[in-house]
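The values are calculated or read from the model by the stated rules, or taken from the named source; none is laboratory data. What you see is a predicted model; the values in this text were computed from it and never measured. Cβ coordinates were reconstructed from backbone atoms using ideal geometry, including for glycine residues, and neighbour counts include every protein chain displayed.
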Amino acid sequence: MTPASPSLKRRLIRQLVLLQVAIQLLVIGTLAASGYLIDFSSPENTVEILQEAVAHDATGKLIVRSTQRLVTLRETVPHLWFSIRDHQGGQVVEGRIPSEFARIGDTLDAVRQARLGWNIGDPPRQAARMRWVDSAAGDVQILTGPDSPVTWRNLGLALLLLLAQLVLPIMAITITATLLATHFVVKRTLAGLNAAAARAGQIDIDQRGVRLPLTDVPNEVATLVGAFNDALQRLDDGYARHERFLADAAHELRTPLAILNTRLENLPDSPDKVRLLSDAARLSVLAGQLLDLQRMKGSGSRLQRVDLLELARDVVAEMAPLALAAGYEISFEPATEGVEAEGDRDALARALTNLVQNAIDHAGGQGSVVVRVNAAGNIDVIDDGPGIPSALRAQVFKPFYRVHATGPGAGLGLSLVQEIVQMHQGDISVHDAPNGGGTQFRMHLPPVPADRLPSLSLR
């Protein structure tokens, strides 16, 4: 089986989500690289190195130990300066502190951290970073300004913080909004296309002239829908020509067939005459069935109430001489009460006649043919013949199909029956005969309630 293609809605949602996520990641990455989202400034690393180095000596004096990281920092940043203070008044100063920051530390005791002097534009100004941190010497204030190399650890922590606090929430909001917005936008945009698809599902061979609507269909799809409508028009034209040809051919055949039968009747009796008359009869039946089929398809006659008991009784009476001559007993088993259907009486009579004719032709020339009507609207034709294998029952209603290729008929009788029954909103089925042998054809027609008025036309 060919896997189903993904829907347009899913494609749009997936592509929009991926596009928006990519754009947001690009914007966030650009802002992060420029320092607007992640603090890549070296004073942060300087504060961390000084936090590890500050301590108290044996006398409780505030000192800065020469840790490996501080030694490296002093070598890397020769102009390093800092001021470290504690709450007891102790202070460690190293390097040349800019004058604007020399006395600022003790004025910011109530501030836990601050950026000082940083600006964008010209002229550049001195910058400093102040933070109160927890160290081996307790809570101390570190004030520094020179740059120092950024560590991978700090960079990783900053990226994780950015991901957790900014990227993931924005992506979650974007994906949710895209799912909701795309669902409603696509649903509204494709409303016209869905209507066209629903109309396409109603196209049937018996309902020609149906076209797909172009209202609210997107321009990208309107060309395809228009081409489909053009194809439907060509199919309708071709089907109409085909029907006209069949009707004209069947009609034109009747006259030469009648002349042929007359000439054959005047021939001397012989086995060849019998075979020729049989072949001519098959041609006449074929022409008659083709005409019946075309009349039914073009029928616009008004419907009427049809008494199924009366209809079946008339057909049995008409077919009785033919059945008896072929070696059958024919009987009629009516329902206990009247059964009415709505339809074309002549068409229903042709359908039942074809079923009885089929039983006469294929039941083996002996036994009985029973026509039974019940209150559910079922008309059964039962014979004692060899029956129809289960594997072939779905095929017998196809035009020109015959169970026995050498048998009588042209294979249109049962097809015509099915056409008539379906046009009356009924169905026909094949079963084994109730007595265990033979065939039972069941023609079901919906019974009409007594208070229902007839419809206008047969469609």
Inset, instruction - Report, by residue number, each residue of segment 399-441 that is over 21 Å from D384 (Cβ atoms) and at pLDDT 80 or above. - result: S415, L416, Q418, E419, I420, V421, Q422, M423, H424, Q425, G426, D427
Inset, instruction - Check whether at least one residue in segment 317-333 is more than 25 Å from G365 (Cβ to Cβ) and either of a type outside the set (A, V, I, L, M, F, W, C) or modelled with pLDDT under 75 (or both), and report yes or no. - result: no
Inset, instruction - Within segment 192-239, track down each residue that is in a loop (DSSP other than H, G, I, E, B), over 23 Å from the mean Cα position of the chain (by Cα) and either basic (K, R) or at pLDDT 80 or above (or both). - result: R208
Legend entry - Residues of segment 323-343 satisfying the condition of being buried (at least 22 other Cβ atoms within 10 Å of the Cβ) and not aliphatic (A, V, I, L, M): Y328, G343
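One line per residue, one yes/no per condition, for (1) outside the structural domain of V77 (by TED's automatic domain parsing); (2) on the phi < 0 side of the Ramachandran plot; (3) assigned to a helix (DSSP H, G or I); (4) at pLDDT 80 or above:
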{"position": "V111", "(1), (2), (3), (4)": "no, yes, no, yes"}
{"position": "G121", "(1), (2), (3), (4)": "no, no, no, no"}
{"position": "W132", "(1), (2), (3), (4)": "no, yes, no, yes"}
{"position": "D139", "(1), (2), (3), (4)": "no, yes, no, yes"}
{"position": "L163", "(1), (2), (3), (4)": "yes, yes, yes, no"}
{"position": "L166", "(1), (2), (3), (4)": "yes, yes, yes, no"}
{"position": "A177", "(1), (2), (3), (4)": "yes, yes, yes, no"}
{"position": "H183", "(1), (2), (3), (4)": "yes, yes, yes, no"}
Inset, instruction - Read through the list (1) modelled with pLDDT of 80 or more; (2) assigned to a loop (DSSP other than H, G, I, E, B), then give the number of the only condition that I173 fails. - result: (2)
Inset, instruction - Would you mind telling me which numbered condition in (1) surrounded by 13 or more Cβ atoms within 10 Å (Cβ to Cβ); (2) over 15 Å from A127 (Cβ atoms) R103 fails? - result: (1)
